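Each remark here refers to the structure printed beneath this line.
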Amino acid sequence: MKTALTVLRKDLLLELRTLETLPAMALFAITTFVIFHFGLNQPTIDGQLAASVLTVTLLFAGILGVNRLFVAEREQGGFDAFLLAPVDRSAMLLAKAGALFLFLAVLEVIAVPAFGLLLLGPPLGPPLPSLIVVLALADLGIAVIGTLVSALAVQTRARDVIGPVIGLPLLIPALIATARAIGPLLGARGPAPLPGKWLLILALYDLVFALVAYAVFDFLLED
Amino acid sequence: MLDTPAIELRGVARYFGERIALRDITLAVPAGATLAVLGRNGAGKSTLLRVLATLLRQHAGEVSLLGEPLPRRAFAVRGRLGLLAHEPLLYRDLSGRENLRYHARLYGVRPERVEELLRDVRMERRADEPVRLLSRGMVQRVAVCRAVLHDPEILLLDEARANLDPGASELVEPLVGRPAGRTRVITSHDPQAALAEADLALGLRDGRPTFSLPADEVTPDHVRDLYA
């Protein structure tokens with residue numbers, strides 16, 4: 001855990017210095033909301049449509065973060081330096097997934113209010129606590145799968161393509177569960193209770209992929 | 001010098017697809033000794049260093065470092081190796097001090113060691129500037145600090161003095177030179193300089209050994225043939 005925190009702190013410091021990932025993610029999300037605002041030709045949206053727009057936008061913005069996750073490690077020798085150190089290699093998985101989770105959380109702090117302003121019909125306040133729970137579970141899934149896929153993609157020449165090509169299909173179940181869990185929260189007549197079934201599916205999906213990632217991550221870093 | 005081999009290779013081979021990067025490499029380096037690996041560009045010198053650094057697995061043969069077989073027991077020797085490669089293995093947007101502190105935490109080294117090393121290579125005044133703003137020589141000095149931060153028993157040096165002026169070379173000598181008393185594997189494009197600080201020499205051509213001799217038995221003809 002100490003090693004994971006060391007790598008995570010370094011990653012956050014690098015992002016603070018370079019601002020290469022988060023601004024791009026936020027700009028992408030807000031631009032997408034603006035496009036939806038005009039493209040749907042509706043003053044506001046709610047329910048399942050709103051949930052889908054929010055989920056898909058956050059997912060695609062998240063993919064930008066996934067693609068950038070290991071760039072510094074590959075381009076500046078961070079992988080070799082880490083692999084030379086006498087540390088548990090799973091620490092890299094924890095740190096990178098933690099960094100991506102935090103990037104997604106910051107993205108949502110910016111993007112969700114923007115979504116409320118630009119597109120959402122019902123007020124954002126009442127469903128917000130439940131929305132945070134669903135988005136936290138969704139972020140966990142994207143962070144774990146994104147880290148796994150990014151570690152795989154960064155070893156290839158077509159890394160910018162490989163990330164989305166492998167990552168998006170793997171994320172479809174999480175995407176469906178997230179959108180279906182958020183839909184009732186954004187109803188025109190106020191938020192319905194959290195749909196437990198979809199939350200459970202999302203949580204199970206996160207757990208399974210966290211275990212898979214833990215099991216295979218060492219092999220991805222091996223020569 | 002002790003008799004126990006710190007590094008042993010027997011029939012080591014490594015391929016990249018169809019291309020032979022290393023083949024039939026057999027040698028033993030006693031603890032505290034220096035092995036100079038010579039050869040033209042692409043001869044396999046850097047690949048050999050990466051195998052010894054546990055970053056590449058050999059495809060055939062046996063590698064043993066400090067009595068531990070690789071790659072099975074690689075985890076047992078990682079903290080006892082230092083690698084100074086072509087790339088400095090430093091984050092360009094972090095300062096030299098931040099990079100070294102990061103590595104110190106990975107290796108469980110006390111932070112004071114970072115300051116000692118920065119003083120040793122006279123980089124303490126520029127240590128808070130991002131690495132991308134430093135000259136190549138300064139980056140190399142910080143990279144030397146990174147390689148020896150954890151006081152490794154084996155030091156793998158790929159062109160260690162590249163980009164260093166004579167003054168800077170002198171500064172890093174106590175850290176990476178013979179006086180440090182470490183077991184070293186060095187590569188250099190200056191064969192005479194490499195042989196002068198080596199006990200053993202390995203000549204590589206297209207990944208295969210052309211000679212493996214005590215350094216003082218390597219003749220100008222050996223060197224000429226190697227680079228011809």
Counting only residues that are within 27 Å of A:ILE176 (Cα to Cα) and within 14 Å of another protein chain (Cβ to nearest Cβ), give me the helices (runs of 4 or more DSSP H) lying completely in the stretch A:72-162 with at least 1 of them. A:90-118
Tally of residues being within 22 Å of A:ILE132 (Cβ to Cβ) and among the polar types (S, T, N, Q) across the stretch A:22-54: 4
Given (1) crowded, with 21+ Cβ neighbours inside 10 Å; (2) under 14 Å from the mean Cα position of the chain (by Cα); (3) at pLDDT 95 or above, index of the condition A:GLY146 fails: (3)
A:ARG157 vs (1) under 30 Å from B:ARG50 (Cα atoms); (2) touching a helix residue (DSSP H, G or I) at 6+ places or on another chain (Cβ under 9 Å); (3) of a type in the set (Lys, Arg): all pass except (2)
Taking the condition of being closer than 25 Å to B:SER64 by Cβ and not in a loop (DSSP other than H, G, I, E, B), how many residues in the stretch B:167-194 meet it? 9
Looking only at residues in the stretch A:175-193 that are surrounded by fewer than 18 Cβ atoms within 10 Å (Cβ to Cβ) and at pLDDT below 90, which one is nearest to A:GLY141 (Cα to Cα)? A:PRO193
Residue, nearest to A:PHE60 (Cα to Cα), within the stretch A:1-24, restricted to residues that are touching a Lys or Arg at 6+ places or on another chain (Cβ under 9 Å) and more than 12 Å from every other protein chain (Cβ to nearest Cβ): A:ALA24
Within the stretch B:164-186, identify whether any single residue is under 26 Å from B:ILE7 (Cβ atoms), surrounded by fewer than 21 Cβ atoms within 10 Å (Cβ to Cβ) and touching a Pro at 6+ places or on another chain (Cβ under 8 Å), and answer yes or no. yes
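Which ones in the stretch B:3-42 are farther than 20 Å from B:ARG184 by Cβ and not in a loop (DSSP other than H, G, I, E, B)?
The initial filter retains those residues of the stretch B:3-42 that are farther than 20 Å from B:ARG184 by Cβ, namely B:10-11, B:13-21, B:23-24, B:40-42.
Across the stretch B:3-42, the qualifying residues are B:ARG10, B:GLY11, B:ALA13, B:ARG14, B:TYR15, B:PHE16, B:ARG19, B:ILE20, B:ALA21, B:ARG23, B:ASP24.
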Verdict on B:LEU106 being touching a Lys or Arg at 6+ places or on another chain (Cβ under 8 Å) and facing another protein chain (nearest Cβ under 9 Å): no
So A:PHE60, is it within 14 Å of another protein chain (Cβ to nearest Cβ), in a helix (DSSP H, G or I), surrounded by fewer than 21 Cβ atoms within 10 Å (Cβ to Cβ) and not hydroxyl-bearing (Ser, Thr, Tyr): no
Residues satisfying the stated conditions in the stretch B:210-228, i.e. surrounded by 22 or more Cβ atoms within 10 Å (Cβ to Cβ) and modelled with pLDDT of 90 or more: none
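Restricting to the stretch B:65-100, and then to whatever is among the small types (Gly, Ala, Ser) and under 16 Å from the mean Cα position of the chain (by Cα), can you tell me which residue is nearest to the other protein chains (Cβ to nearest Cβ)?
First pass over the stretch B:65-100, keeping only residues among the small types (Gly, Ala, Ser): B:67, B:74, B:76, B:79, B:82, B:85, B:95-96.
Restricting the remaining residues to those that are under 16 Å from the mean Cα position of the chain (by Cα) gives B:79, B:82, B:85.
Details: B:GLY79: 3, B:GLY82: 8, B:ALA85: 7 Å.
Looking at the filtered set, the residue picked out is B:GLY79.
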Can you tell me which residue is farthest from the other protein chains (Cβ to nearest Cβ) among those in the stretch B:2-61 that are surrounded by fewer than 15 Cβ atoms within 10 Å (Cβ to Cβ) and of a type in the set (A, V, I, L, M)? B:LEU2
Across the stretch A:159-174, what is the total count of residues that are touching a residue at least 40 places away in the same chain (Cβ under 8 Å) and either among the basic types (Lys, Arg) or surrounded by fewer than 20 Cβ atoms within 10 Å (Cβ to Cβ) (or both)? 4
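The values are calculated or read from the model by the stated rules, or taken from the named source; none is laboratory data. Since the model is a prediction, treat every value here as computed from it, not as a measurement. We place every Cβ from the backbone using ideal geometry, glycine too, and count neighbours over all the protein chains shown.
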